[in-house]
Amino acid sequence: MVLAVLIALIAIALVLPFFVGTYGIKFTTRVMVIAILVVSLDFLIGVTGLVSFGHAMFLGLGAYTLYFISPKSEAVSALIAIPATIVAAAICAAAIGAIAVLARGFYFIMVTLAFGQMLFSLFHDTDVAGGSDGAYINVVPQFHIGDWLALDFGNRLNLYYFCLAALIASYLFLLWLTRSPVGRVLQGICHNEARVSALGFNTYNYKLLSFVVAGALGGLAGGLFASIDGYVTPDLFGWRESGLAIMMVVLGGTGTLYGPILGAVLFAILEELLRSPAMVGATIADHWLMALGFVLIGLVLVAPRGIAGLLERDRGGKPAAEPVEAKAPPARQPQPGKELATEELSRRFGGLVAVNGVTVGFQRNRVHGIIGPNGAGKTTLINLLSGVLPPTAGSIRLDGEEIAGQRDFLIARRGLGRSYQRTNILLPFTVGENCRLAAQARHPHPWRVSDAAYRQNEEAAVVNALQAAGLTARRHVRAAHLSHGEQRQLEIAMLIASGARLLILDEPLAGMGPEETARVVALLRDLAVDHTVILIEHDMDAIFAAADTLSVLVEGKLIAHGTPDEIRRDLAVRAAYLGQYGDSEKVPG
Amino acid sequence: MELVLIQILNGLQYGLLIFLAASGLTLVFGILGIINLSHGSFYMLGAYLSLTLTSWFGDIFLALAAGIPIAFAFGAAIEWLFIRHLYNRDHLQQVLLTFGLILVFNELQRILWGTQPHSVPIPAYLSASIQLSDTLSYPVYRLAVGAICILLALAMMLVIQKTRIGQMIRAGESNREMVEALGIDTRILFRFVFAAGVALAAAAGIVAAPIESVYPGIGERVLIISFVVVVIGGIGSIKGALVGALLIGLADAFGKVFLPQLASVVVYALMAAVLVTRPAGLFGRA
């Protein structure tokens, strides 16, 4: 359906110049150029989840780049002009993005808006390039092969077909990138940045990459846009343009890439319609912007998923393509896990000492339980171990190397994976895609997308993880459709697939029924074959059965550490902790 | 030296005006969780109310007294018609709907008041200038604007500190989910906060109208500057909005003198610097 619509659109675009006059050709050229801007914005908004309200700044940057490199009275070669607009916009995007990407959510929206306005004022208030009046590019780019004028942007048809080709190329490039391993990480960031970071991805770099790619294509659009009329104006940077571009993205359907192209076309038609007195009457045509405003408001209230939402169901803008050659994995060989030791580890929150001088060692290939009453500092402790929080004092050694105070994604790369108290997976991804993203985290070169050996390893890691976690049969099910217990298993599967050798699990049994509990306890025992496992758990029966050692935390202090038998016998523990249950039957014995 | 004094006064006065606009924006962010692009339109509403009401009543202060309740009612109506559908929707849809509102408001303005710039008279009893030194004088009306802004800001603080609804606002400022969990009727709270934000922005527009002329795009500059203030101060923080607005006011005033063409760039550079050092703003929660 989608493919059919796109092929039909391309076919129409190919023959259109033969049926419409010069105005129609120019109009359609402009729509195609805006579509390049909009599809690149969708890559930012829909794929990466960065809502930029300043994307038109790249339209302006590309346009002014062309102005600056064009000599007064002769044409600049298109072979130089087009790459120049792309590179200049990419450089600016890198500089602006380096700051803007620090911001999240609301802040990102406002910061991109502010940067767009900053560039607008820069070109509007100063005398550069004619200031607020704008400036003319006297001769637009041409391309000569020998004496033959192969391409002339001043020729309406030349420019038309060049823009069509540029639009198709931009779309295919972004589609390819979205479906590549890099794109998988970007989509992961869009849905759950914390999880992706905890798997060991430096999300800042990925978001910046996305910003630069989108900016570069925006620059391309700007260069072409300036070629249509041979004119640049500061208004190109303006936030109205940015707002309209967002509108086209949403009108078409965010995250689909093709949807926003349809959105740009539809918007252009809508605009022509609303501005034409013959169609809607003079009153509306005079105030067409108000009509547009109401269309926008109606769109948000009635059809927030855009046109693409009508063309497809439950795809959520996610490519489903995934290789399906699942071969039987070899039996898992015992492998050494990582060992972890802390010394005098402390964390204060103002006056509260949540973790107080904890010195404990977790041997490799064992299951270690951490127990304690609510508020004992258990979750704070594992937040320190996994780098979510920096410790106030003390050291943490992973296989003898100091990791205290390092960022979470750096610790994750050293082979430490963690799960969260609340299930933390990528709900719109399938089970297999979740694991594939995790498997990718262990690979240092996400760019090498066509590396067959790498793909095979990745596939093996996914198959192995699914098998270990007992989810092989559920591979193609969307994570959102799993039961609660299965989602917790999936989170563990992701950690296995990521290649972590030390797993830290925060209440993996919470909310599970007896059958699921038994299954996960067996899984934990099995995991110790090639991992070290540390878990927090409130289900006493289960943890006494599953763990090789137990550490008891009370008010931030480690009051006991030993085998389950030793802990059971430890009277201090009974008094301080197990005693609180009052009912002796609940003490595992 | 005298130039510096003048610019400090100008900067503080401009900063206080922006604070009125930005405080509404930051409260609406912090408590309703709404990113409201149409906030600048309410400043524009104030400026045009100032134009019309001053010509009816003949005095800017009567216009202010009448304009604030009108703007408050207008804000409540907008919340009821549009904004309440946006709670718990994602940022993108909030951006889009409020962008649509801007287009609608701009055209409404064109229909009602036309595209010509207008000026609003300064009341005769405030049209003098104060002699600050032998060679230096400063318009009384500008000082009066600063005083009005301070009074309105104090009134806002009083409402927030002393009333029941203010208590809810403070609770919402520190933890929005908690307020909902406490069973407070958030519909009333949200409508009040939104309407109050509109009234504050409009008040700023009303008193500023005699200083700058009244023209169609007047709200948009204020919107962008208010965003910058909120980014600097930290979302949801009134104190941050005050500090941010004064910083921006001073940066703008001195920028205009020392880097005339780059004054607006100075303001954005300030924002970038804050963002790099404190990504959640000066007083924001990380």
Next on the checklist: Give me the dipole magnitude in Debye, nearest 20, for chain B about the Cα centre, with unit charges on the beta carbon: positive for Lys and Arg, negative for Asp and Glu.
Outcome noted: 520
Checklist entry - Ranking A:Glu272, B:Glu79 by Cβ neighbours within 10 Å, fewest first, what do you get? => result A:Glu272, B:Glu79
Checklist entry - What are the residues whose amide H is under 5 Å from the amide H of A:Leu389, where those residues sit 5 or more places off or on another chain and H is modelled from the backbone? => result A:Leu384
Checklist entry - Which value in nm describes the separation of the simple spin-label points at A:Ala11 and A:His476, placed 7 Å from the Cα toward the beta carbon? => result 3.0
Next on the checklist: Quick one: the Cα spread of the range B:2-277 along its three principal axes, in angstroms, biggest first?
Outcome noted: 62, 47, 36
Checklist entry - Percent of alpha carbon pairs in the range A:36-103 separated by more than 21 Å? => result 31
Checklist entry - For the range A:427-500, what is the convex hull volume of its Cα atoms per residue in Å³? => result 78
Item to check | Peptide-level mean, for A:292-299, of C-beta atoms on other protein chains within 10 Å | outcome: 6
Checklist entry - Expressed as a whole number of Å, what is the distance separating the alpha-carbon centroids of the range B:232-286 and the range A:161-202? => result 33
Checklist outcome for this item: If R0 = 35 Å, then A:Ser395 and A:Phe349, at their Cβ-Cβ distance, give a FRET efficiency to the nearest 0.05 of 0.95
Item to check | Residue-wise HN-Hα coupling along the range B:125-138, computed from phi with Karplus coefficients 6.51, -1.76, 1.60 (Hz; x: Gly, Pro) | outcome: 6, 10, 7, 6, 10, 8, 7, 7, 8, 4, 10, 10, 10, 9
Checklist outcome for this item: Which residues qualify? For A:Ala560, with a placed amide H closer than 5 Å and at least 5 residues away or on another chain, they are A:Val552
Checklist entry - In the range A:418-572, what percentage of the DSSP-assigned beta bridges are antiparallel, given to the nearest 5? => result 50
Checklist outcome for this item: Here the gain from full extension of A:His538 to A:Thr22, 0.36 nm per residue of separation minus their alpha-carbon distance, amounts to 178.4 nm
Next on the checklist: Can you order the peptides A:216-222, B:48-54, B:123-129, B:275-281 by their average number of other Cβ atoms within 10 Å per residue, highest first?
Outcome noted: A:216-222, B:48-54, B:275-281, B:123-129
Checklist outcome for this item: Sites removed, the longest contiguous part of chain A containing no DSSP-loop chymotrypsin sites (Phe, Trp or Tyr not before Pro) with at most 15 other Cβ within 10 Å is A:20-446
Checklist entry - Percent antiparallel among DSSP beta bridges with both residues in chain A, to the nearest 5? => result 60
Checklist entry - Ordered by residue, what ³J(HN,Hα) values in Hz, to whole numbers, does the range A:12-19 give under the Karplus form 6.51 cos²θ - 1.76 cosθ + 1.60, where θ = phi - 60° and Gly and Pro are x? => result 4, 4, 5, 9, 3, x, 7, 10
Checklist outcome for this item: Checked the protein assembly as shown with the C-alpha gyration tensor, a ≥ b ≥ c its square-rooted eigenvalues, rounded below a/c of 1.5, otherwise prolate if a/b is larger than b/c and oblate if not; verdict oblate
Checklist entry - Amide H to amide H under 5 Å from A:Ile504: which residues, 5+ apart in sequence or cross-chain, H placed 1.01 Å off N in plane? => result A:Gly417, A:Arg418, A:Ser419, A:Ile534
Checklist entry - Can you give the charge dipole size of the protein assembly as shown about its Cα centre, rounded to the nearest 20 debye, using +1 on the beta carbon of Lys and Arg and -1 on the beta carbon of Asp and Glu? => result 840
Checklist entry - Peptide A:117-127: average number of partner chain Cβ atoms within 10 Å per residue? => result 5
Item to check | Whole-Å distance, taken between Cα centres, linking the range A:397-412 and the range A:112-147 | outcome: 48
Checklist outcome for this item: Correct semi-axes for the range A:35-261, from √(5λ) of the alpha-carbon gyration tensor and rounded to whole Å with the largest first, are 31, 20, 14
Next on the checklist: Through the Karplus equation 6.51 cos²θ - 1.76 cosθ + 1.60, θ set to phi - 60°, convert the phi angles of the range A:286-297 into ³J(HN,Hα) values in whole Hz; use x for Gly and Pro.
Outcome noted: 5, 10, 4, 5, 5, 4, 4, x, 5, 4, 4, 4
Item to check | Alpha-carbon Debye profile of the range A:451-554, log10 I(q)/I(0) at 0.21, 0.24 Å⁻¹ | outcome: -1.14, -1.41
Checklist entry - Which of A:Thr178, A:Asn464, A:Ala393 sits farthest toward the positive end of the charge dipole of chain A, with +1 on the Cβ of Lys and Arg and -1 on the Cβ of Asp and Glu? => result A:Asn464
Item to check | Cβ-derived FRET efficiency at R0 22 Å, A:Gln333 paired with A:Arg366, nearest 0.05 | outcome: 0.80
Checklist entry - Dipole magnitude of the range A:400-558 about its Cα centre, charges +1 at Lys/Arg Cβ and -1 at Asp/Glu Cβ only, in debye to the nearest 20? => result 620
Checklist entry - A:Ala95 versus A:Thr359, label points 7 Å from Cα toward the beta carbon: distance in nm? => result 5.4
Item to check | Longest DSSP-loop-exposure-free segment, trypsin sites (Lys or Arg not before Pro), chain A, at most 11 other Cβ within 10 Å | outcome: A:73-312
Item to check | the range B:95-175: equivalent-ellipsoid semi-axes (sqrt of 5 x gyration tensor eigenvalues, Cα, Å) | outcome: 33, 28, 11
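Bear in mind these aren't lab numbers, they're just calculated from the coordinates by the rules spelled out. Source: prediction; values computed, not measured. Neighbour counts are summed over all protein chains in view; Cβ atoms, including those assigned to glycine, are modelled from backbone coordinates with ideal geometry.
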